[in-house]
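Asker: Okay, here's the structure, questions in a sec.
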Amino acid sequence: MKKILVFLCLLFTFNPPVSAIESFVVSDIRVEGLQRISAGTVFNYLPIKVGDRIDDDTAQQSIRALYQTGFFDDVQLEQEGTILIVIVKERPSIANIEFKGNKALDKDTLMEGMKQIGFVEGRVFNQSILDRVVQELKNQYFAQGKYGAEIETIVTPLERGRVSVTVDITEGETAKIKQINIVGNEAFSEKDLQKRFKLSTPTVFSFLSKKDRYSKQKLSADLESLRSYYQDQGYLDFDIESTQVSITADKRDIYITINIIEGEKYTVSDFSIKGRLVVPESELISLVTINPSDTYSRKEVSASRKVIADRLADEGYAFTNVRAVPEIDKENRAVSFTFIVDPGRRIYVRRINISGNTTTRDAVIRREMRQLEGAWYSASKIQRSRVRLQRLGFFDDVKIDTPTVAGSPDQVDVNIEVKERATGSVLFGVGFSDADGLLLQASVSQRNLFGTGRELNLSFDNSSVTRVINLQYLNPYHTIDGISRGFNLFRREVDAEEANTAEYVTDTTGLGVNYRFPLSEFNSLNAGLSFERVDLESTPETPPEILSFIEQSPSNDIVPFKGSVAHDTRDSILYATTGLLNRLSWELALPGLDLEYYKLNYRLAWYRPVTAKMVFKAAGELGYGDGYRDTEELPFFKNFFAGGAGTVRGYKARSLGPRDSGDTPEPLGGSRRVLTNVELLFPIPGTEAKDKRFSIFVDGGQVYGPNADVDLSDMRFSTGIAFNWFSPLGPLSVSYGAPINKKDGDETENVQVTIGRFFR
């Protein structure tokens, strides 16, 4: 046997010395030294085949090709006549990987990082890849602020060409920001500027927010926030001269120093709009939010660019480009702007594509669309379409994309992707309300009947106070114009002996029909008639104020005309983040029957985002009722109440307002009510869940009798924290309320829980 070449490659880029050989034609190839790898794998990577001629160059190429597979520690080529013999020494495989000392990062996280690099059990062991793994793991620890982390690897040979890899980790302490220094500030204090930063020195809540942990990305974001703040206050020439980040020798404390140059403060001298104006210039000028003599603000300039672009987008110019070109007068410290408008091509919608709806019919989704196929593109109509789809309640998420059509620069498609939620249910459950006690519930409901958007619901609710059987049907598109029609048949029994009110018993049976008329995109009219039979009974504890009414009118037939006029721009009914609800509702018992009365209720609710996740809500409500003709005052069982969840939390349910004259005075309710509410709503910290929200609230309210003056100084107020969740059992609300101005005789209840009732 003649050895023609021996080559041990330590680096793939190294060209080995090859002894000169006589070339020959390979008649056969044999592979020796294989244990786990198949001969076919070697043949696949070997560039020499049977029948090829081998020489110095091709031999060197063959060895290099086999080394580059990473499978072998040694490769030799030998010749036996015209037979080429390939002798290899396989690299060991990874039998197992073990971690020691890891606490901040769990094993699954570490293994996932290794997997992305290609270092996993069963693969061929490669020291260079292991070195990369060590560096990647260090990067993960550095990202958590553990700059003193040390990682040692131990490779233990095993039988059958395998190795065991142990990764021994010493995590060390988490480095924290000891100090943030801003140098060069004169217009604003260092404390005020640091409020703009997400990074901070340690505080009481740092263990939750982790703001005291250094991150290069967070520092870059903070520097941009600092730049924006200065430029929004008129400092056009503001600049960050340098940034130094240093860490102590023990790698526990980090010091950040930011050197800034404030520059001069500028005002806006003038602005103009030029370019191809497809909308009247006067209209665009009215949209601009900067004015001459205003302090320069980068934020306002950007906002002006955006409103101009948005206005043109509603005319079909989806890709409008608006540039704000400044002209700086350093001597007078003034700046003027020219907004140059390039609307581009006018775009129209070729097709609306819907995906993700396995139950809901396409027609149900399309009828909510305000952007139509074949029409000019409108950004506001697409956004409104998304809101309308969200408000249906059929979908957990709605995404709308508008990709351009290939080969057609003036066309886009509207792609709607929905994620459906369960809309049908058979429910047997238990709920709880501080107002009504234990609730036993059973219902069969389908809010999206056969995917048509129609609703059918049969429910039974039973508590210590009420028992209700209700059958409802609703067709939200009774007509093609969006007029809805609904029917309901119900029976309701109320035993006020178990409630926190004066005692009486009512038994009501009713049948009704209701219509909703859309007056415009945000305005609607609801109107409906029903026939009700109301039977009243007294108890031994019924007070005189109620007893006389029951004795005179034990059974009553009434035809209530109920309705409302509403202006509603909220983006969601259950979890609104922006918008306004303005609604006037009424209930009028038509004349000529046993009882003649009316009730009016006005509600206003306003939602405004404070941050990306925090929402401010302000709401108020006024209620008024009275009798007319032969009915002298509002029937007692139609009275308003206040106190408890939904009105004034922290006070016992229905406890506020007038009381009866019995031996143990109980709340009577009243014919007039005033409610107020302000809340700061925010999600659970660290989560993106949309169906769970906390709130900090202030509630206020009072109920007044028919003969009492409405004195706002009598209102009761409370403050506290609440948690709302759309749970599998229905809406759940838990609140802790503390009365602010409790007076003698008031009944308080700090913790209040409601399951199976809608949030206020």
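The values are calculated or read from the model by the stated rules, or taken from the named source; none is laboratory data. Predicted model only: the values in this text are computed from it and were never measured. Cβ sites come from the backbone with ideal geometry, for glycine too, and all protein chains shown count toward neighbours.
Asker: Go over the candidates I573, I558, I550 one by one and state the one that is closer than 28 Å to F726 by Cβ and among the β-branched types (V, I, T).
Answerer: Numbers: I558 fails: closer than 28 Å to F726 by Cβ; I550 fails: closer than 28 Å to F726 by Cβ.
Answer to the selection: I573.
Asker: Test each condition in (1) within 23 Å of R391 (Cβ to Cβ); (2) of a type outside the set (F, W, Y); (3) assigned to a helix (DSSP H, G or I); (4) over 28 Å from the mean Cα position of the chain (by Cα) for L312 and report the one that comes out false.
Answerer: For L312, the failing item is (1).
Asker: Out of the residues in segment 145-176 that are assigned to a strand (DSSP E or B) and free of Cβ contacts under 8 Å to residues at least 24 places away in the same chain, which is surrounded by the most Cβ atoms within 10 Å (Cβ to Cβ)? Even if it seems obvious, please write down each step before you answer.
Answerer: First pass over segment 145-176, keeping only residues assigned to a strand (DSSP E or B): 150-158, 162-170, 176.
Subsequent filtering for residues that are free of Cβ contacts under 8 Å to residues at least 24 places away in the same chain retains 150-154, 156.
Details: E150: 14, I151: 19, E152: 12, T153: 16, I154: 12, T156: 12.
Step by step, filter segment 145-176, then rank; the result is I151.
Asker: Within segment 125-137, is even one residue under 35 Å from the mean Cα position of the chain (by Cα) and touching a residue at least 60 places away in the same chain (Cβ under 8 Å)?
Answerer: No, segment 125-137 contains no residue that is under 35 Å from the mean Cα position of the chain (by Cα) and touching a residue at least 60 places away in the same chain (Cβ under 8 Å).
Asker: Restricted to segment 53-103, and to residues that are part of a helix (DSSP H, G or I) and among the hydroxyl-bearing types (S, T, Y), which residue is nearest to the chain's Cα centre (by Cα)?
Answerer: First, the residues of segment 53-103 that are part of a helix (DSSP H, G or I): 56-68.
Next cut, among the hydroxyl-bearing types (S, T, Y) only: 58, 62, 67.
Numbers: T58: 61, S62: 57, Y67: 51 Å.
Of everything passing the filter in segment 53-103, Y67 is nearest to the chain's Cα centre (by Cα).
Asker: Do we have any residue at all in segment 111-119 that's among the β-branched types (V, I, T) and either closer than 30 Å to S27 by Cβ or at pLDDT 85 or above (or both)?
Answerer: Step one: list which residues in segment 111-119 are among the β-branched types (V, I, T), which gives 117.
From what is left, the residues that are either closer than 30 Å to S27 by Cβ or at pLDDT 85 or above (or both) are none.
No, because not a single residue in segment 111-119 is among the β-branched types (V, I, T) and either closer than 30 Å to S27 by Cβ or at pLDDT 85 or above (or both).
Asker: Inside segment 631-657, can you point out the residues that are touching a residue at least 24 places away in the same chain (Cβ under 8 Å) and more than 29 Å from N750 (Cβ to Cβ)?
Answerer: Residues of segment 631-657 touching a residue at least 24 places away in the same chain (Cβ under 8 Å): 631, 633-657.
T631, E633, L634, P635, F636, F637, K638, listed by residue number.
For every residue, the table says whether it meets (1) in the same structural domain as D310 (by TED's automatic domain parsing); (2) over 32 Å from the mean Cα position of the chain (by Cα); (3) closer than 20 Å to N448 by Cβ.
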{"site": "S336", "(1), (2), (3)": "yes, yes, no"}
{"site": "G356", "(1), (2), (3)": "no, no, yes"}
{"site": "R366", "(1), (2), (3)": "no, no, yes"}
{"site": "R370", "(1), (2), (3)": "no, no, no"}
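Asker: For residues that are among the hydroxyl-bearing types (S, T, Y) and either loosely packed, with under 13 Cβ neighbours inside 10 Å or touching a Pro at 6+ places or on another chain (Cβ under 9 Å) (or both), tally how many sit in segment 110-144. Outline the logic, then answer.
Answerer: Within segment 110-144, the first condition is being among the hydroxyl-bearing types (S, T, Y), and the residues that meet it are 128, 141.
Okay, now just the ones that are also either loosely packed, with under 13 Cβ neighbours inside 10 Å or touching a Pro at 6+ places or on another chain (Cβ under 9 Å) (or both), so 128.
Total satisfying the criteria: 1.
Asker: Now for a different question. With the condition kept exactly as written, say whether any residue in segment 715-738 is modelled with pLDDT of 90 or more, within 17 Å of T647 (Cα to Cα), part of a strand (DSSP E or B) and among the basic types (K, R).
Answerer: The answer is yes, given that some residue of segment 715-738 is modelled with pLDDT of 90 or more, within 17 Å of T647 (Cα to Cα), part of a strand (DSSP E or B) and among the basic types (K, R).
Asker: With the requirement that a residue be in a strand (DSSP E or B) and of a type outside the set (S, T, Y), what does segment 265-309 give you?
Answerer: Hits for segment 265-309 are V268, D270, F271, I273, K274, G275.
Asker: Can I ask one more? Would you be able to say whether some residue in segment 127-142 is at pLDDT 85 or above, in contact with a strand residue (DSSP E or B) (Cβ under 7 Å, 6 or more places away or on another chain) and either part of a strand (DSSP E or B) or assigned by TED's automatic domain parsing to the domain that holds I37 (or both)?
Answerer: Among the residues of segment 127-142, not one is at pLDDT 85 or above, in contact with a strand residue (DSSP E or B) (Cβ under 7 Å, 6 or more places away or on another chain) and either part of a strand (DSSP E or B) or assigned by TED's automatic domain parsing to the domain that holds I37 (or both), which makes the answer no.
Asker: Which residues, counting only those in segment 47-65, are surrounded by 14 or more Cβ atoms within 10 Å (Cβ to Cβ) and touching a helix residue (DSSP H, G or I) at 6+ places or on another chain (Cβ under 6 Å)?
Answerer: The answer is I48, A65.
Asker: For segment 595-630, which residues satisfy the criterion of being within 21 Å of G563 (Cα to Cα), touching a residue at least 40 places away in the same chain (Cβ under 8 Å) and not in a strand (DSSP E or B)?
Answerer: Matches in segment 595-630: L595 only.
Asker: Among the listed residues L84, L105, which satisfies the condition of being in contact with a strand residue (DSSP E or B) (Cβ under 6 Å, 6 or more places away or on another chain) and either over 23 Å from G33 (Cβ atoms) or not assigned by TED's automatic domain parsing to the domain that holds E150 (or both)? Can you show your working first?
Answerer: Values: L105 fails: in contact with a strand residue (DSSP E or B) (Cβ under 6 Å, 6 or more places away or on another chain).
Every option except L84 fails the conditions.
Asker: Right, something else. For segment 242-279, enumerate the residues that are within 16 Å of D310 (Cα to Cα) and under 38 Å from the mean Cα position of the chain (by Cα).
Answerer: Within segment 242-279, I273, L277, V278, V279 qualify.
Asker: So, of the residues in segment 437-467 that are under 19 Å from D507 (Cβ atoms) and assigned to a loop (DSSP other than H, G, I, E, B), which turns out to be modelled with the lowest pLDDT?
Answerer: Only one residue fits best here, namely S464.
Asker: Exactly one condition in (1) in contact with a Phe, Trp or Tyr (Cβ under 8 Å, 6 or more places away or on another chain); (2) not assigned by TED's automatic domain parsing to the domain that holds Y147 is not met by L110; state its number.
Answerer: (2)
Asker: Within segment 544-587, count every residue that is assigned to a loop (DSSP other than H, G, I, E, B) and free of Cβ contacts under 8 Å to residues at least 24 places away in the same chain. Full working, then the answer.
Answerer: Keep residues of segment 544-587 that are assigned to a loop (DSSP other than H, G, I, E, B), which gives 553-554, 559, 569-578.
When the remaining residues are screened for being free of Cβ contacts under 8 Å to residues at least 24 places away in the same chain, the result is 554.
So the answer is 1.
Asker: Here is a list: E497, E503, E541. Which entry is within 50 Å of the chain's Cα centre (by Cα) and part of a loop (DSSP other than H, G, I, E, B)?
Answerer: Among E497, E503, E541, only E503 is within 50 Å of the chain's Cα centre (by Cα) and part of a loop (DSSP other than H, G, I, E, B).
Asker: Here's a follow-up. With the condition kept exactly as written, say whether any residue in segment 315-323 is in a strand (DSSP E or B), hydrophobic (A, V, I, L, M, F, W, C) and buried (at least 18 other Cβ atoms within 10 Å of the Cβ). Steps first, please.
Answerer: Here is the first cut: in segment 315-323, the residues in a strand (DSSP E or B) are 321-323.
Going one step further and asking which of them are hydrophobic (A, V, I, L, M, F, W, C), we end up with 322.
In the following step, the residues that additionally are buried (at least 18 other Cβ atoms within 10 Å of the Cβ) were identified as 322.
Among the residues of segment 315-323, at least one is in a strand (DSSP E or B), hydrophobic (A, V, I, L, M, F, W, C) and buried (at least 18 other Cβ atoms within 10 Å of the Cβ), which makes the answer yes.
Asker: Is one or more of the residues making up segment 75-84 under 30 Å from T153 (Cβ atoms) and charged (D, E, K, R)? Quick ask: steps written out before the conclusion?
Answerer: First pass over segment 75-84, keeping only residues under 30 Å from T153 (Cβ atoms): 75-76.
Narrowing the set further to residues that are charged (D, E, K, R) leaves none.
The answer is no; no qualifying residue exists.
Asker: Out of N639, N601, which single residue is in contact with a Gly (Cβ under 6 Å, 6 or more places away or on another chain), in the same structural domain as R716 (by TED's automatic domain parsing), farther than 30 Å from R196 by Cα and modelled with pLDDT under 95? Spell out the reasoning first.
Answerer: Values: N601 fails: modelled with pLDDT under 95.
Unique residue meeting the criteria: N639.
Asker: Moving to a separate point now. Could we say that K399 is modelled with pLDDT of 90 or more, in a strand (DSSP E or B), closer than 29 Å to L458 by Cα and not acidic (D, E) here? Break it down stepwise before answering.
Answerer: Details: modelled with pLDDT of 90 or more: yes; in a strand (DSSP E or B): yes; closer than 29 Å to L458 by Cα: no; not acidic (D, E): yes.
In short, no.
Asker: Does I182 satisfy the condition of being closer than 30 Å to D329 by Cβ and either crowded, with 17+ Cβ neighbours inside 10 Å or modelled with pLDDT under 90 (or both)?
Answerer: On the way: closer than 30 Å to D329 by Cβ: yes; either crowded, with 17+ Cβ neighbours inside 10 Å or modelled with pLDDT under 90 (or both): yes.
Taking the combined requirement at face value, the residue satisfies it.
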